[in-house]
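Okay, structure first, notes after.
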Amino acid sequence: MTTPLLKSGPPGRDINTLRQEIGLVGESPAIWQILETIEQVAPTDISVLIIGESGTGKELIAQAIHQLGLRRDKPFVVVNAGAIPEGIIESELFGHEKGAFTGAVGSRKGYFEQADTGTIFLDEIGEMPLNTQVKLLRLLEGKEFIRVGGSSPKQVDVRVIAATNRDLESAVRKGEFRPDLFYRLNAVNIRVPSLRERREDIPLLVKKFVTDFCSQNNIAFEGFTDGALRLLREHSWPGNIRELKNFVESLIVIERGRRIDDMILQRHLPRGVEMDHRLPVPVNRTTEEVEREFIYRALIDLKNEIAQLRELLVGRYIAPPRRLKSGLMEAPVIQEVGNEVAEFDDDHQNPAAFESIEDMEKRLITEALARTQGNKRKAAGLLKISERTLYRKIKEYNLPF
Ligand SMILES: Nc1ncnc2c1ncn2[C@@H]1O[C@H](COP(=O)(O)OP(=O)(O)OP(=O)(O)O)[C@@H](O)[C@H]1O
Ligand SMILES: [Mg+2]
């Protein structure tokens, strides 16, 4: 199948050139269909809603629409509605005036003003709070908005592309998403299939990731055997293209560039979501649920590490057996520190010695913030939770940050 060239586009710039420039790989029928839609919608200002599991390439598609459209030389602003704490989302989107709230020492443009004349990409739109949705709709319909703490309406000329990995129609039915905003954003929708629905693209994607990674890092890689490629094709990749990319890159590093056959690959392939917390977010669950799972998995890992440490400590502080005058070996004795160790080791009978999940969460959050000098975005990244969840937990635990 071929795609028609964009007639209104500038000379020499068609979707195939663009595909190469932004690195959008794939030859499956689903990808060709998406490319056709991109070509059709790019030269218009119509709103586009991109729906797909995490890591399927929604942002790349949004970029392609912007790059192929008439606003290509204007800003492309990405906003992740799920990562912005609820309390500041409106000032982030619409800006604020000086003195609008404590700490608003000056006025500031929001993302919509920054995107003026260009495109705004509203990622994770399903996470947007309902009262912000009202303001967003007002802006989209009248192209007018008011900065937080301001009084005069402002105007922007912005193209909107939104994305979601949630089923927005069911969110509408549950009253969690406004139907009028849904229809406004959903003028055209693009469904991006999961990677397991287009396995034929896997070898092409692997080839691209290998080439890019090796040339960027100056690595000589001997390649995958056919058997290894077949396994990569058969795997389910719940984290989609992002997971495949991370997996291929880390494998090249771990195996130091040597040829990878099916045996080696098998050893490294993630066996399931439950077993591997590096896996990206599966989509039929809410972000909150998945984040909670990430935290629990991190806590379980931490507990295992603590248990291992404890074993190590016990081993260390048990005094080596001494030879008695009789020539027999003395029974091992736990030395002074050993008393603590013994107490520690016995903690299933001593609840005070066991840290609660809440305390562990507090400690992990405090540690992450200390390590990032209080930078909440980076700390949330370390903890693998959204910034919004981090803010919520800081508040919930009344932590001094
Ligand atoms: N068709 C593709 N060809 C090559 N690389 C791709 C393709 N689609 C996605 N990628 C790469 O996969 C990664 C994830 O893509 P992207 O960020 O666009 O996904 P997403 O759907 O927005 O994910 P999320 O829902 O988690 O935000 C990026 O590194 C991107 O460059
Ligand atoms: Mg994205």
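Some points to look at:
- Full-stretch length increase - Ser356, Glu255 - with 0.36 nm per residue and alpha-carbon distance subtracted: 32.5 nm
- Within the shell of other residues whose beta carbon sits under 11 angstrom from the beta carbon of Gly106, the net charge comes to +2, with Lys and Arg scored +1 and Asp and Glu -1.
- Spin-label model distance (nm) - Arg363 vs Arg233, 7 Å beyond Cα toward Cβ: 4.9 nm
- For segment 138-260, the Kirkwood hydrodynamic radius comes to 18.5 Å, computed from all pairs of different C-alpha atoms.
- Qualifying lysines (Cα of each under 25 Å from Cα of Lys135; at least 8 residues distant if same chain): Lys58, Lys74, Lys98, Lys109, Lys143, Lys154, Lys174
- Packing around the peptides 151-158, 358-365, 245-252, taken as the average count of other Cβ atoms within 10 Å per residue, puts them in this order, highest first: 245-252, 358-365, 151-158.
- Alpha-carbon gyration tensor eigenvalues x 5, square-rooted, for segment 196-275, Å: 19, 14, 12
- Histogrammed with a bin width of 10 Å, the alpha carbon distances of segment 1-135 distribute as 11, 36, 30, 16, 6, 1 percent, first bin at zero.
- Protection proxy ranking, peptides 45-53, 229-237, average beta carbon neighbours within 10 Å, highest first: 45-53, 229-237
- Using only side-chain charges placed at the Cβ, +1 for Lys and Arg and -1 for Asp and Glu, the dipole size of segment 15-193 relative to its Cα centre rounds to 400 debye.
- For segment 1-137, the residue among Val25, Leu122, Ala64 whose Cα projects farthest onto the positive side of the dipole built from Cβ charges is Ala64.
Computed from the coordinates by the stated procedures, all read-outs in this text should not be read as laboratory data. Owing to the predicted nature of the structure, the values given are computational and were not obtained by experimental measurement. Virtual Cβ from ideal backbone geometry, glycine too; neighbours counted across all protein chains shown.
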